[in-house]
Amino acid sequence: MGLGLAGEGKEEIEPEAPTQQAILFLREQYRAANFTFRPATFATWLLMVKAPIWSAAAGEAAYGWVSSERYPSYGYMLAHNATTTWEHWNAGEIEISQNHAWLNSVVEFIRGHAVGLQLHPRSIGSDWIMVSPQPFGWRQLNDDWGHAPGDAPRPLTAASADRVTAVSRPVVAWRIEGKMNEEGEDEDENEGGTPMATREAEEVLRIIRRRAAGGVGESGTSPGEQVPAMRVVVALASLSPAVRHTVRVPLCKADPSAAARATASCLPYGTAGDFEAGPTPAVVFQVDGYGECELTAPWEC
């Protein structure tokens with residue numbers, strides 16, 4: 001955010017500055033209202049679609065809002081048996097549409113941020129796909145968005161979605177696997193954490209679960225081989241040979257050595273990804289022209 005000077009002493013606001021100023025305003029309102037969002041249509045779009053790009057902590061706050069059952073929230077809708085988004089937050093109590101597009105920005109939040117399936121900023125005609133999953137609820141971020149006391153969401157453990165573009169229909173599913181709970185049981189079998197998935201991508205999730213159960217995986221896991229204590233698996237399908245795919249396999253913390261332990265089933269053996277630091281560290285791979293690919297990286301918090 002900032003101001004730049006342009007000729008004759010006139011001030012010219014940078015293109016992204018108004019958006020960032022609006023997001024900062026949302027943050028102040030959120031904190032003033034005891035960590036509760038009360039946005040209307042445009043503000044909801046800012047929070048769900050734009051804020052997570054600008055601030056990783058804003059994405060965490062948005063995920064908490066999506067997960068919460070406090071009024072007003074999307075979780076509140078689900079708790080009141082909603083199957084579509086409402087026209088207003090209290091549509092379950094008044095005579096107003098319960099199938100309306102005004103508050104459906106949550107769909108893009110799930111697909112574009114939780115699943116991480118987006119067009120690359122330099123894409124032309126849908127020729128470049130960016131896959132950048134965000135396992136919300138795991139990382140500790142130094143920011144003043146925060147959550148209400150006792151209202152921190154459960155960590156997100158899986159998500160999947162597809163996106164129809166002009167030239168392809170990529171399907172992405174990711175899952176954190178191998179985590180053991182305090183009783184020593186595999187949380188994958190006990191529905192630990194919170195999953196987000198669409199029906200179109202369920203088959204890809206089944207591939208992940210089958211490989212995690214001990215089947216031969218193209219990423220190098222063989223029957224009987226112990227799965228690492230914890231890793232994140234990203235599976236892609238329906239890829240087009242004419243489309244580039246940049247895949248950011250997320251890391252829980254910034255560890256450059258994780259790049260050497262990451263794998264990609266559709267790339268030549270020994271191909272290493274590039275470590276990328278920042279608030280949301282990741283191992284980055286370039287994947288082009290394959291029908292299916294499974295990428296993994298250690299998840300060490």
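The values are calculated or read from the model by the stated rules, or taken from the named source; none is laboratory data. Here the structure is a predicted model, which means the values were calculated and not measured. Here Cβ is always computed from backbone atoms with ideal geometry, including for glycine, and neighbour counts include all displayed protein chains.
Observations
- Failed condition for I124, given (1) free of Cβ contacts under 8 Å to residues at least 24 places away in the same chain; (2) surrounded by 22 or more Cβ atoms within 10 Å (Cβ to Cβ): (2)
- Some residue of segment 14-24 being of a type in the set (D, E) and either under 23 Å from the mean Cα position of the chain (by Cα) or at pLDDT 80 or above (or both): yes
- Residue list for segment 46-99, filter: under 19 Å from L156 (Cα atoms), without any contact (Cβ under 8 Å) to a residue 40 or more places away in the chain and touching a Gly at 6+ places or on another chain (Cβ under 6 Å): E69
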